[in-house]
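Colleague: Can you read through this structure? Questions will come right after.
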Amino acid sequence: MSNSHSGTPQPLSARRAGALTGTVTLPGDKSISHRAMIFGLLSIGETMVTGLLEGDDVLRTADACRALCAQVDRLGEGHWRVRGVGIGGLRSPKKVLDFGNAGTGSRLMMGVVGAHDITATFDGDASLRKRPMRRILDPLVQMGVTVVAQAEGGRCPITLKGTPDPLPITYQTPVASAQIKSAILLAGLNSPGRTTIIEAEASRDHTEKMLRYFGADVTVTHEGHDGRRIVLQGRPELKTRPIIVPGDPSSAAFPMVAALIVPGSDVTIIGVMMNPLRTGLLTTLREMGADITEINRRIEGGEDVADLRVRYSSLKGVDVPAARAPSMIDEYPVLAVAAAFAKGETRMRGLQELRVKESDRLQAVADGLAEAGVRHAIDGDDLIVTGGAGDVRGGGMVATHLDHRIAMSFLVMGMASDKPMNVDDERMIATSFPAFTRLMRDLGAQFA
Ligand code: S3P
């Protein structure tokens, strides 16, 4: 397996580029790619996957599936076959499940392991070891899982002893998190009753959709203003189905913002998943005045997909409501870059969850903006960026803290700032978007 977590940091610099032109074909969605592996593991027979994201995070999940007794084979680029063992069929892994940088893989797999009569240890890199896991452990313990060992504060390395008969629970998630919801649903698959999750704000719904696609009985009803009640009937027999992974809107965000801020650009991004629980950035950029047109809207692999034509635009600052955060949670670092080039103030509200991502993203973004000479402030859980109306000084070295999205965001900034932007380590980009530098160079990016 490629390993982006060892060896020495590799700095990279982006300097101002001429107009970006051409097309970008996106890598597969990371959320769906993790789930494709896991659903393959939990169904009996062959699950064929096309368009899988072959980023380090997903490869770690594939490796964990192997350790739990699935046969996982790469048949060609993005084309994978998983021979699963079915719900209840997992065996204790002989080695530590090392998820590297992957919060999603580790958290979803905790739900899977928790619902089996097996013991497994979860670990990862320095970033994953800092991330809060109590939000997953608490509901799993209610379902009957034993936390055999954990590092201080409920962090990795964590050893779980699962239960073959998880209790069906009703759980209100404390934060809008698809990872919490998914871990409980995956554990609920092996529960003899109904598992109910209530979320005050809807988070991405890929797990619910895939459960239904594989034949499980799941009902989703609206609850409150923008919430959901999800009810899963346990112990279905999942039927293997082919999975086509649509392009990742969170990766699309980088060429999209680059095209908006580099004068004269005209870029088409092919195959962007348009699931409404993932398109908050698009809504926000359009409010800022972005010229983005949808071409060829279609359905692929059960998801809405479109190609997006993005042209350089003079952007204006906007107020981004906290309620939009779940639908663009991974896109705030690159939105902050767009805001730096906009005219006026952009206020991004309710960003508390950014503090527990691959890095403390709120602080990492603020520090990067400071390096680049962009006016900004953190006000409670809000980030305020005062844009330079197309003019950003740039310069400086951005600390990426093992965070792929911090690295990509500030490289995008350097494509339009006066002075080059330098990031201290580009290796983590491989976790979610291994082709990033190549694809951006094809559009005209100047990285060195
Ligand atoms: C993800 C959910 C989000 C997101 C992450 C992927 C998923 O995390 O930030 O990159 O695939 O379920 P939270 O559930 O913690 O918000």
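The values are calculated or read from the model by the stated rules, or taken from the named source; none is laboratory data. On a predicted model such as this, the values are computed, not experimentally measured, just so you know. Backbone-built Cβ (ideal geometry, glycine too); neighbour counts: all protein chains shown. We work out accessible area using only protein heavy atoms, side chains counted, and drop any ligands, DNA or RNA first. Shrake-Rupley method; radii C 1.70, N 1.55, O 1.52, S 1.80 Å.
Colleague: With every protein chain present, what is the per residue accessible area of the chain (1.4 Å probe, Å²)?
Modeller: Values: 15850 Å² over 448 residues.
Here the residues of the chain average 35 Å² of exposed surface.
Colleague: Let me ask something additional. Taking the Cα centroid of the range 47-96 and of the range 276-300, what is the distance between the two, rounded to the nearest whole Å?
Modeller: 32
Colleague: Average projected area of the Cα convex hull of the chain, in nm²?
Modeller: On the way: hull surface 74.0 nm².
Spelled out: convex hull of the Cα atoms, projected over all directions, averaged, 18.5 nm².
Colleague: Another one. Report for the chain the percent antiparallel among DSSP-assigned beta bridges with both residues inside it, nearest 5.
Modeller: Numbers: 62 of 83 bridges.
Taking every DSSP beta bridge within the chain, about 75 percent pair in antiparallel fashion.
Colleague: Would you work out if the range 186-244 is rounded, prolate or oblate? Take a ≥ b ≥ c from the square roots of the eigenvalues of the alpha-carbon gyration tensor; rounded if a/c is under 1.5, else prolate when a/b is larger than b/c, oblate otherwise.
Modeller: On the way: a/c = 2.75, a/b = 1.44, b/c = 1.91.
The shape class here is oblate.
Colleague: Another question, if that's okay. Would you mind getting me the FRET efficiency between ARG74 and GLU152? Use the beta-carbon distance for r and R0 = 25 Å, nearest 0.05. Mind dumping the intermediate values first?
Modeller: Values: r = 38 Å, r/R0 = 1.51.
Once rounded, the FRET efficiency stands at 0.10.
Colleague: Further, regarding this structure: Taking 0.36 nm per residue of sequence separation and subtracting the Cα-Cα distance, how much length would be gained by fully extending the chain between ARG129 and GLU300, in nm to one decimal?
Modeller: Details: separation 171, 0.36 × 171 = 61.56 nm, distance 3.57 nm.
Length gained, ARG129 through GLU300: 58.0 nm.
Colleague: Per q in 0.18, 0.21 1/Å, what log10 I(q)/I(0) does a Debye calculation on the alpha-carbon atoms of the range 206-307 return?
Modeller: Log-scaled intensity ratios, in q order: -0.95, -1.11.
Colleague: Using only the Cα atoms of the range 331-448, build the gyration tensor, take square roots of its eigenvalues as a ≥ b ≥ c, and label the shape rounded, prolate or oblate: rounded if a/c is under 1.5, else prolate if a/b is larger than b/c, else oblate. Mind dumping the intermediate values first?
Modeller: Working: a/c = 1.86, a/b = 1.20, b/c = 1.55.
Oblate, since a/c reaches 1.5 and b/c is not below a/b.
Colleague: Longest exposed-loop-site-free stretch of the chain, with GluC sites (Glu not before Pro), DSSP loop and at most 12 other Cβ within 10 Å?
Modeller: Numbers: sites that count: GLU77, GLU152, GLU237.
In short, 238-448.
Colleague: Cα atoms only, the range 30-244: Rg and Dmax in Å?
Modeller: My reading of the Cα-based Rg and Dmax gives 15.6, 46 Å.
Colleague: With an 8 Å Cα cut-off and a minimum separation of 6 or more residues, compute the relative contact order for the range 159-233 in percent. Intermediate results must be reported in sequence, preceding the final value.
Modeller: On the way: 125 pairs, mean separation 23.5, N = 75.
That works out to 31 percent.
Colleague: For the chain, what % of the accessible area comes from carbon and sulfur atoms, probe 1.4 Å? Don't jump to the answer; show the numbers that get you there.
Modeller: On the way: 7700 of 15850 Å².
Here it works out to 49 percent.
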